[in-house]
Amino acid sequence: MIDRWFLGGVLAVALAGSGAALAQDRAGPAGKDKPAADAPVDVVPQVVSKRLSGSFGGQRVNYVATMGETIVKNDDGVPEVAVVTTSYVKEPRDPNRPITFLFNGGPGSGSVWLQMGAFGPKRVAIPSDARDDGAPPYPIVDNPGSLLDVTDMVFIDPPGTGFSHLIGKADPKNYYGVTQDAKLVAGVIRRWLNDNGRWDSPKFLGGESYGTTRSAAVANQLMNVTYNDVGLNGIILISTILDFAAGSDAQGNELAYMTNLPSMAATALYHGKAQAASVEQFTDEARQFALGPYAAFLLKGQRATPEERAAILPQLAKYTGLSTSYLERADLRVSPDRFYKELLRDRGLTVGRLDTRYTGKDYDSAGESADNDPSFYGIDASYTAAINSWERQTLGFRTDREYQAIGSVGRDWDWRIGGRDGNSYLNVAPYIGTALRENSGLKVFVAQGYYDFATPFFGAEYSLSRTGIPQDRVQFHYYHAGHMMYVRDEDRAKLSSDIRAFIRSR
């Protein structure tokens, strides 16, 4: 299948420093007349660059930081999207040096989290021990754990995230969706490779949360559905969500109760509601219970006998830290929302969703679910302040637009991925299976936090152990924090070291 996005003409490209303001347009179907259109309004992409240096991975690195806009046009040549990328390229430039393309998730989340929390040359310093970030100012410090010693990096903000946006009368339906978004991001990657002379560089994709869904879908666009393939060396999945059934709370879906249970066990142990030698040992026990007796009980539904129910109940209480009376009332099926509220109800506290190490205090403790997620409101202000300071003041990007750390595009998202069954649930893990089977040099790195309920680690294990996914090139790494494991100092260092080794081992 030929990718129709890049058959048409290309706008002029403005270059500055190591980056390029990229532009592209889409051609209509061959042989089909297009109606006359008004002359397109010329959009001049902004590009700013700055030469900087820092010490990363124990090495002194000179690099160029560049923020540039990709202007995407429709079939009539009318600009519809401005996509902002932020690249960090080592000097002197090396066309054979690895390049890693990174993005966050949401959908609707800007790349601020990975950029200012984990891999960028600077990071925002917040408490490492699951405490609130407090009030400004928030220190922006050197990040020796940045990956710039082993790879150049390009952070991509799809439209509706960061400073990227739709232009004029652009229809969101053309860009807000699993496949639409993946085509757009794949196009931006191809143009960056073109304009920076990096086609023969080792290439890596990296995403967090929905960014892992995007990584699978983008890999599919780059390698599986076109003949002008972009070969990849590695896919980096941080806090993984590929099979959406594994996390669905829909009534009748028993799978989520199984995949959530080991995360409940880790959380109960952390907060003193369970006893075990280690979180590794306790979560492994919870895995075996979830896959065995608990799965058998759940799948029997109302046909489970009273004896089977009685055998499951104390085990479930052991791993969840919840009382048997509460579990009975919940029919031995506890949703995450209820768990956040119930686990520490006796202390008047709730636990976080993104990171269950965090606790919060609700308006009252009698409710069914938590008022808000303390692991998000505990860090969001610091990250937003940091990215605006870094990109506006230090790098000099000029715009009157607000930086969208978490935007609203998810409300308009098209979750279908095509095929004959348009009503099937979303599962992009087979894209990774295809890519691995058809590219013997491709490897997958999976990073999971024990205390992450947004994308539980057992759900990631489930989705990537299905038939058709070669297991010898998928590696899992675990961290003692949550969704954004890099907020914990020890785990940020470990994540950086683990990914650095992954890139070097290509």
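The values are calculated or read from the model by the stated rules, or taken from the named source; none is laboratory data. Worth saying up front: this structure is predicted, and the values here are computed from it rather than measured. Positions of Cβ are generated from backbone atoms using ideal geometry, with glycine treated the same way; all protein chains shown enter the neighbour counts.
Quick look at the numbers
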{"item": "Residues within the range 194-208 that are touching a residue at least 60 places away in the same chain (Cβ under 8 Å) and either in a helix (DSSP H, G or I) or closer than 20 Å to Phe445 by Cβ (or both), tallied", "result": "10"}
{"item": "Among (1) surrounded by 24 or more Cβ atoms within 10 Å (Cβ to Cβ); (2) within 20 Å of Ala381 (Cα to Cα), the one test that Asp133 misses", "result": "(1)"}
{"item": "Test: residue in the range 454-465 that is within 30 Å of Lys50 (Cα to Cα) and within 18 Å of the chain's Cα centre (by Cα)", "result": "no"}
{"item": "Hits in the range 435-463 (condition: outside any loop (DSSP other than H, G, I, E, B) and closer than 22 Å to Asp355 by Cβ)", "result": "Phe445, Val446, Ala447, Gln448, Gly449, Phe457, Phe458, Gly459, Ala460, Glu461, Tyr462, Ser463"}
{"item": "Residue check for Thr212: out of contact with any helix residue (DSSP H, G or I) (no Cβ under 6 Å at 6 or more places or on another chain) and surrounded by fewer than 24 Cβ atoms within 10 Å (Cβ to Cβ)", "result": "no"}
{"item": "Residue in the range 369-377 that is without any contact (Cβ under 8 Å) to a residue 24 or more places away in the chain, over 27 Å from Pro159 (Cα atoms) and either of a type in the set (Phe, Trp, Tyr) or not assigned by TED's automatic domain parsing to the domain that holds Ile167 (or both) present", "result": "yes"}
{"item": "Any hit, the range 138-151, residues being farther than 14 Å from Gly211 by Cβ, touching a Lys or Arg at 6+ places or on another chain (Cβ under 8 Å) and without any contact (Cβ under 8 Å) to a residue 60 or more places away in the chain", "result": "yes"}
{"item": "Scope the range 309-335; condition surrounded by fewer than 20 Cβ atoms within 10 Å (Cβ to Cβ) and within 23 Å of Ile241 (Cβ to Cβ); matching residues", "result": "Arg333, Ser335"}
{"item": "Single residue of the range 48-73 satisfying the filter (among the aliphatic types (A, V, I, L, M) and at pLDDT 95 or above) that is surrounded by the most Cβ atoms within 10 Å (Cβ to Cβ)", "result": "Met67"}
{"item": "Number of the exception - Pro139 against (1) under 21 Å from the mean Cα position of the chain (by Cα); (2) under 26 Å from Val89 (Cα atoms)", "result": "(1)"}
{"item": "Some residue of the range 275-297 being at pLDDT 95 or above, surrounded by 13 or more Cβ atoms within 10 Å (Cβ to Cβ) and assigned to a loop (DSSP other than H, G, I, E, B)", "result": "yes"}
{"item": "Sole exception among (1) modelled with pLDDT of 95 or more; (2) outside any helix (DSSP H, G or I); (3) within 23 Å of Ile469 (Cα to Cα) for Gly272, by number", "result": "(3)"}
